[in-house]
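Colleague: The structure follows.
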Amino acid sequence: MKWNQRNSDLLMVSVETQILKGKPVADAIKAKLSHEVEVLATQNIIPGLAAILVGDDPASQVYVRSKQKVFEKINCYSETFRLSAETTEAKLLELISSLNVNPKFHGILLQLPLPSYIDSQKVLLAISPEKDVDGFHPINVGYLLSGEPHFIPCTPNGVMKILKHYDIPVSGKHTVIVGRSNIVGKPMFALLVQKFEKGNATVTICHTGTPDIKVHTKQADIIIAAAGIPNLITGDMISEGVDIIDVGINRVNDDSERGYHLTGDVNFDSVLGIANSITPVPGGVGPMTITMLLSNTIQSAKNFI
Ligand code: GUN
């Protein structure tokens, strides 16, 4: 027995919480992908990604830069197309049409969010489903939901790889997803509910329409926190032994030189000693997203052979 002194009401706890780091999982996958890139190179194929960035959202700029770096490190090609925040929908559609037929690119990634005057759904629909390495095109959403995925959205796929790597039991378990975004919450449901090797779970999705999230998180064997709200899940909302995947990467302003720090959707300190395991932020799910993007782009390059 131990005491979690950081909890305001001094909880008695008995669990040594395991920290599920993403880097070892990402490194193992990247080692395999690196070999696949070498094989493709012998056939003069270099997997190529076109990343489109509209506007100057600081977080999106960081993501796109990191994507470019990781692609180059593994000898893949990545080019970023930067459009101003005033770009018209027509210009964006024109760019996508040209990338759809450009053989240099096997994947097209449209960094979200887009400026509010652009209809995201309409633009995502214009990306060729064969190059939709984000898995956001309605055709690929449909394939995933029907249990025969072509491209699996990167962050949810990364979460599944973490569950597999750390041997967290999923089949028959009650998984509670907090957040219903198209990027994480909904595809996460579509993966966990399938009769896949890692899947076959009972899945609950909580969202802003859920009157009391705690009622559900208390019953969870696994919590996937993907609401984009810092510290939403606290120690008093969970039961002992739960496995927690924290997908949130929230910028919280502070007095540091950088002006902010990153925080997950889970109040990390308050769940220590209660949860069986948790992914840290940063360093948990984060490193997985780009790795799975790399994986989808390499898969796409092979599909084009
Ligand atoms: N914005 C936040 N996450 C993502 C992602 O996985 N893909 C894209 N395209 N945009 C995002």
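Colleague: As an exercise: evaluate Val70 against (1) in contact with a Cys (Cβ under 7 Å, 6 or more places away or on another chain); (2) more than 12 Å from the ligand (Cβ to nearest atom) and give the number of the one condition it does not meet.
Modeller: (1)
Residues are listed down the side, and each one gets a yes or a no for (1) touching a strand residue (DSSP E or B) at 6+ places or on another chain (Cβ under 7 Å); (2) within 17 Å of Gly264 (Cβ to Cβ):
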{"residue": "Thr155", "(1), (2)": "no, yes"}
{"residue": "Ile168", "(1), (2)": "yes, no"}
{"residue": "Lys186", "(1), (2)": "no, no"}
{"residue": "Ile213", "(1), (2)": "yes, yes"}
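Colleague: Taking the options Ile183, Ile223, name whichever one is touching a residue at least 60 places away in the same chain (Cβ under 8 Å), buried (at least 20 other Cβ atoms within 10 Å of the Cβ) and of a type in the set (Val, Ile, Thr).
Modeller: Within the list Ile183, Ile223, the selection yields Ile183.
Colleague: Which of the residues spanning the stretch 250-294 are touching a Leu at 6+ places or on another chain (Cβ under 6 Å) and in contact (Cβ under 8 Å) with a residue 40 or more places away in the chain?
Modeller: Asp265, Ser277, Thr279, Leu294
Colleague: Another one. Mind telling me which of the residues Lys30, Lys73, Lys23 ends up being touching a Lys or Arg at 6+ places or on another chain (Cβ under 9 Å), charged (D, E, K, R) and surrounded by fewer than 17 Cβ atoms within 10 Å (Cβ to Cβ)?
Modeller: Lys73
Colleague: Just a yes or no: is a residue in the stretch 160-181 of a type in the set (Val, Ile, Thr) and closer than 26 Å to Leu53 by Cα?
Modeller: no
Colleague: If you take just the helices (runs of 4 or more DSSP H) that sit entirely in the stretch 26-135, which of them hold at least 1 residues that are within 30 Å of His165 (Cα to Cα)?
Modeller: 58-73
Colleague: Within the stretch 55-63, identify whether any single residue is surrounded by fewer than 17 Cβ atoms within 10 Å (Cβ to Cβ) and farther than 20 Å from Thr291 by Cα, and answer yes or no.
Modeller: The answer is yes, given that some residue of the stretch 55-63 is surrounded by fewer than 17 Cβ atoms within 10 Å (Cβ to Cβ) and farther than 20 Å from Thr291 by Cα.
Colleague: Which fully enclosed strands (runs of 3 or more DSSP E) of the stretch 213-280 have 1 or more residues being under 14 Å from Val159 (Cβ atoms)?
Modeller: 222-225, 243-246
Colleague: I need the full set of residues from the stretch 141-181 which are within 15 Å of the ligand (Cβ to nearest atom), in a loop (DSSP other than H, G, I, E, B) and either over 25 Å from Asp212 (Cβ atoms) or β-branched (Val, Ile, Thr) (or both), in order please.
Modeller: Across the stretch 141-181, the qualifying residues are Phe151, Ile152, Pro153.
A short reminder: the numbers here are calculations on the coordinates, not readings from a lab. These figures come from a predicted structure and were not determined experimentally. All Cβ positions, glycine included, derive from the backbone under ideal geometry; neighbour counts span all protein chains shown.
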